[in-house]
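One structure below.
The values are calculated or read from the model by the stated rules, or taken from the named source; none is laboratory data. Quick caveat, the model's predicted, so the values are computed rather than measured. Every residue, glycine as well, gets a Cβ built from its backbone with ideal geometry; the counts of neighbours run over all protein chains shown.
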Amino acid sequence: MSSQRVVVTGIGVVSPNGLGAAAFTSALEHGISGIDWIPSLAKAPIQTRFGGALKTFHPPDIMDARDLRRVPRIVPMALSAAREAMAMADVAVPPESDLAGNIGVILGSGGGAAEFMESQYRAFFTDEGKISPFGVSAATGGGASSEISIALGLHGPSHVISNGCASSTDAIGYALWHIQRQNTPMMLAGGADAPITPAIIGGFELMRVLAGPVDPIQRASRPFSRDRQGFVLAEGAWMFVLEDYRHARARGARILAEVLGWASTCDAFHRVQPAPDAAQSARAMQLAMTDAGVSPQQIQYVNLHGTGTVLNDRLETMAIHKCFGRHAGNIPMSSTKSMIGHPQGACGAAGLAATILSLRQGFIAPTLNLIDPAPECDLDYVPTHARPTDATLALCNCIAFGSKNSALVVRVLKD
């Protein structure tokens with residue numbers, strides 16, 4: 001392993017509870033939910049008509065109308081977040097410059113072009129519209145990162161990682177490796193997903209993992225609660241500029257955080273359920289801390305996967321106990337999904353953004369709606385309201401379909 005240090009110099013956010021990093025940070029601090037009823041689902045043949053949708057995001061502000069017809073929804077979302085991250089990092093890329101050749105893109109997405117292909121299939125089989133000649137290229141797994149590279153003129157590696165809910169955590173991990181091995185001094189990495197479609201919702205309803213409606217609907221996502229019912233689907237994009245530390249210092253960049261370590265494991269147990277012993281989830285966190293060179297006792301905050309399903313919350317709590325032992329009860333932790341819902345493959349990037357932005361501002365974002373914790377969920381989940389903190393060393397955890405587990409360790413730097 002190289003000793004290259006990797007830092008975060010830019011963050012871009014397109015979230016259900018805030019467009020832009022500043023709005024997202026404010027929403028985290030004040031416990032603002034992005035979950036609401038979705039009018040476009042009113043006549044769909046499904047029961048779930050709410051989620052963490054982007055209310056004010058306007059794709060034509062990001063791409064022209066002709067291009068929008070040729071790409072999945074995650075492309076303008078990810079491109080918007082990428083541009084904000086680049087602007088925050090103060091990175092301008094002249095065409096054909098050496099810098100353009102040294103910036104790569106690694107995007108994590110669970111569903112990728114799912115909503116685009118759903119509309120294409122609907123048009124093909126019902127004659128409700130014309131299918132696109134770009135249907136094949138748009139559906140290609142790696143196409144989304146290519147769109148970002150093309151739009152920004154970046155000639156470094158351009159990859160898409162699709163590992164279910166661990167997709168963007170792993171994308172950031174692979175970007176970390178690229179920089180550590182001195183392959184590329186700068187990477188755009190993060191996640192984007194847009195799974196709020198009738199067919200995808202219908203599939204999750206058959207699996208019985210979605211939360212039901214409550215009043216007010218903003219309470220639907222309530223991880224670790226006694227009466228939790230499941231997760232709330234969401235969409236969004238969270239992107240980061242990751243950079244070699246020496247490269248960042250040489251150009252006078254403001255450093256927001258340092259990514260210290262990453263690890264991934266597999267339960268090798270089931271297509272959609274975590275293993276009942278939570279051993280590999282705990283091991284992924286342990287390996288990430290080993291990679292980072294820190295001990296469990298040094299971790300000051302954990303951003304949890306925290307979906308709100310009965311099984312996930314119980315097993316993640318078990319994994320935390322196995323990983324941190326007696327220290328588990330001393331660590332404040334929270335679920336970003338309580339405020340934004342579950343953006344599937346983008347959730348790891350959402351959690352990392354929430355961690356960096358909140359800790360830099362001196363608070364821990366709360367687990368919203370946690371009024372009556374489940375007896376098997378016995379950790380400090382920072383319920384209902386943000387908490388002041390001077391914490392800087394954090395772990396971000398992810399658990400995914402296919403028995404996958406991933407974790408990142410990050411040290412947040414304050415101005």
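Quick check on region 243-261. Is at least one of its residues in a loop (DSSP other than H, G, I, E, B) and under 22 Å from the mean Cα position of the chain (by Cα)? So that I can check it myself, show each step before the final result.
Of region 243-261, the ones in a loop (DSSP other than H, G, I, E, B) are 251-256.
Pick out the ones that are also under 22 Å from the mean Cα position of the chain (by Cα) and you get 255-256.
Within region 243-261 (the criterion being in a loop (DSSP other than H, G, I, E, B) and under 22 Å from the mean Cα position of the chain (by Cα)), the answer is yes, since at least one residue qualifies.
Considering region 249-294 alone, what residues qualify as being under 24 Å from L99 (Cα atoms) and touching a Pro at 6+ places or on another chain (Cβ under 9 Å)?
Correct list: empty.
Tell me, yes or no, whether region 131-149 has at least one residue that is over 24 Å from M63 (Cβ atoms) and either among the acidic types (D, E) or not assigned by TED's automatic domain parsing to the domain that holds M86 (or both). Write out each step before concluding.
Of all residues in region 131-149, those over 24 Å from M63 (Cβ atoms) come to none.
Looking for residues that are over 24 Å from M63 (Cβ atoms) and either among the acidic types (D, E) or not assigned by TED's automatic domain parsing to the domain that holds M86 (or both), one finds none in region 131-149, hence no.
The set of residues from region 50-70 being assigned to a loop (DSSP other than H, G, I, E, B) and touching a residue at least 60 places away in the same chain (Cβ under 8 Å) comprises A53, L54, M63, R69, R70.
Which members of region 262-277 meet the condition of being in a loop (DSSP other than H, G, I, E, B) and in contact with a strand residue (DSSP E or B) (Cβ under 8 Å, 6 or more places away or on another chain)? Those that are in a loop (DSSP other than H, G, I, E, B) and in contact with a strand residue (DSSP E or B) (Cβ under 8 Å, 6 or more places away or on another chain): D267, P274. You will find that of S403, S335, S358, the residue that is of a type in the set (S, T, Y), crowded, with 18+ Cβ neighbours inside 10 Å and at pLDDT below 95 is S403 and no other.
Checking each residue in region 71-93 for being in contact with a helix residue (DSSP H, G or I) (Cβ under 7 Å, 6 or more places away or on another chain) and either hydroxyl-bearing (S, T, Y) or part of a loop (DSSP other than H, G, I, E, B) (or both) picks out V71, P72, R73, V93. Go through the residues of region 264-271 one by one and say whether even a single one is over 25 Å from G341 (Cα atoms), outside the structural domain of M86 (by TED's automatic domain parsing) and not hydroxyl-bearing (S, T, Y). Within region 264-271, one or more residues are over 25 Å from G341 (Cα atoms), outside the structural domain of M86 (by TED's automatic domain parsing) and not hydroxyl-bearing (S, T, Y). If the condition is being hydroxyl-bearing (S, T, Y), part of a strand (DSSP E or B) and either out of contact with any helix residue (DSSP H, G or I) (no Cβ under 7 Å at 6 or more places or on another chain) or free of Cβ contacts under 8 Å to residues at least 12 places away in the same chain (or both), then region 356-415 contributes no residue at all.
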